[in-house]
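The values are calculated or read from the model by the stated rules, or taken from the named source; none is laboratory data. Since we're looking at a predicted model, the values are computed, not measured. FYI the Cβ positions are ideal-geometry reconstructions off the backbone, even for glycines, and counts take in every protein chain you see. Just the protein is used for accessible areas: all its heavy atoms, side chains included, with ligands, DNA and RNA removed. Shrake-Rupley method; radii C 1.70, N 1.55, O 1.52, S 1.80 Å.
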Amino acid sequence: YAGGTLFLDKDNDSFEDPCCIIHGHNMAAGAMFGDLSCYLDADFFERNRTGTLLTPEYDYDIEVLASGVFDAYDSSVFRTGASASLDYIKENAVNVRDMDQIGHMLVLSTCYDDMTDNRTVVFCALVNKRKHR
């Protein structure tokens, strides 16, 4: 694909890690992660609470918990060894839901604009894992 592909952060081993980060390009017409910026709008955020992550072995149900714009080098957000700092996210996100009971976090990240290191980030919880039949 000419625009690249979505990819799991280089420091993630699998979706079993406490915090998994998927990076993708912010492409025109909503391709790749081009629609992540929609989660910055409060109405869209409220209406779009769930999703599904499909991998070769498992399907994961996800709950969208927060969204915001963060610096790409912000270690409070982009850390794969442990979940991102929930208090920090709550204080700095544009939109937030209850984030008290997160087992595995999924962080979706794309460029916010072409001129900065800012990223549109959507924080999700992986809430259910099903093996392909």
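General remarks:
- D_trans [Stokes-Einstein, Kirkwood Rh over alpha-carbon pairs] for the chain, 20 °C, 1.002 mPa s, µm² s⁻¹: 143 µm²/s
- Scanning residues 5 or more positions from residue 20 or on other chains, those with amide H under 5 Å from its amide H are 105, 106, 107, with H placed 1.01 Å from N in the peptide plane.
- Ligands, DNA and RNA excluded, the heavy atoms of residue 5 present near 90 Å² of accessible surface to a 1.4 Å solvent probe.
- Beta bridge orientation in segment 18-109: antiparallel %, DSSP, nearest 5: 60 percent
- Neighbour count of at most 15 Cβ within 10 Å plus DSSP loop: longest chymotrypsin sites (Phe, Trp or Tyr not before Pro)-free window in the chain: 2-72
- At most 15 other Cβ within 10 Å, DSSP loop - GluC sites (Glu not before Pro), segment 42-83: 57
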